[in-house]
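Computed from the coordinates by the stated procedures, all read-outs in this text should not be read as laboratory data. Note that the structure is predicted; figures quoted are calculated from it, not measured. Here the Cβ positions follow ideal geometry from the backbone for every residue, glycine too, while neighbour counts run over all protein chains shown.
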Amino acid sequence: MTSTAIITGGASGIGAALSRAMVARGDTIVVADIDAEGAELHAKQLNETGPGRAWAAPLDVRDATAVQDLVDRVVQAEGRLDVMVNNAGIGVGGEMAELSLAHWDRAIDVNLRGVVHGVHAAFPVMVRQRSGHIVNTASLAGLVPAALLTPYVMTKHAVVGLSLALRPEAASHGIRVTAVCPGFTDTPILDKAGPEDLPKPALAERGRDLATKAQRHLYDADLLAVDILRGMDRNKALVVAPRSARVAWRAIRLAPGLSSAVGRLEMRYVRRHR
């Protein structure tokens, strides 16, 4: 059975990879992204490959009304909404002394409120249908603390908490909830030095370099998309990938103090290699 899905942040990175995988299995995908031109281009490419289909929608997930309007439009056009993928996100990090309240607000507005807006809009639709799947993109940083990424880590922990707390309530309505917690994945977020309109912390330009130091081989987004679909099919609460991410998560669960020790080592490394 094919599905109708909205994927926020769907024009690039994990969202684009997941939309490719879903269209390849015959699903209908709404590529929702603040990059309207990128969303249109990606939807066009998806329609050229099929067998599913796609259409594009410009969307800023910070705008709750816009998210609700998109959900309503999709239901009106397609008759239902089977999957809501709250994937849009940004990287915000740096040393605490360099971060303004604007950095914190942006991380919260996009990475957390953006997810809340998607859940709030899609959940009533799925309750009426007695079916649906909410997929929230968190991060390994939502399970394992990471130094110098405090705003990002905070929001991703919140997304994991939201997903796990909602899951039993959603299940009573026939709705599934999954949080995706990937390790460092090869996506454009590693090359973006945070929000373009905010001051750049000293480490902002080194995202890809630091990611490859922490995880020698960045995970391929298309492989992650396969993991996500497998996790959805199996109704997994958490999709943690690749294997190195699962190892790190298990290590922290067994030895909680390990994250502080690793964080101190990360700080020393970064300050030596500024």
Next on the checklist: Once you keep just the Cα pairs under 8 angstrom separated by 6 or more residues, what percentage relative contact order results for the chain?
Outcome noted: 17
Item to check | GNM top mover of Ile14, Ile228, Ile90 - the chain, alpha-carbon springs below 10 Å | outcome: Ile90
Next on the checklist: Can you list residues from other chains, or at least 5 along the same chain, whose modelled amide H is less than 5 Å from the amide H of Val240?
Outcome noted: Cys181
Checklist entry - So which GluC sites (Glu not before Pro) in segment 59-138 end up in coil per DSSP with only 15 or fewer other C-beta atoms within 10 Å? => result Glu95
Checklist entry - Among Ser172, Ser163, Ser19, which one shows the biggest mean-square fluctuation in a GNM of the chain, springs joining Cα atoms closer than 10 Å? => result Ser172
Item to check | Cleavage-rule hits, trypsin sites (Lys or Arg not before Pro), segment 20-63, DSSP coil, Cβ neighbours within 10 Å at most 15 | outcome: Arg25
Next on the checklist: How would Thr49, Thr150, Thr187, Thr2 line up from fewest to most surrounding beta-carbon atoms within 10 angstrom?
Outcome noted: Thr49, Thr2, Thr150, Thr187
Checklist entry - Which percent of Cα pairs goes in each bin when the distances of the chain are cut into 5 angstrom slices starting at zero? => result 1, 6, 13, 18, 20, 17, 12, 7, 4, 2, 0, 0
Item to check | Neighbour cut-off at most 14 other Cβ (10 Å), DSSP loop, trypsin sites (Lys or Arg not before Pro), segment 222-260 | outcome: Arg234
Checklist entry - Among Ala39, Ala171, Ala21, which one moves the most in a GNM of the chain with springs linking Cα atoms closer than 10 Å? => result Ala171
Item to check | Computed magnitude of the charge dipole of the chain (debye, nearest 20; Cβ of K, R +1, Cβ of D, E -1) | outcome: 1320
Checklist entry - Taking amide hydrogens as modeled 1.01 Å from N in the peptide plane, which residues meet the under 5 Å criterion relative to Thr185, leaving out close sequence neighbours? => result Tyr219
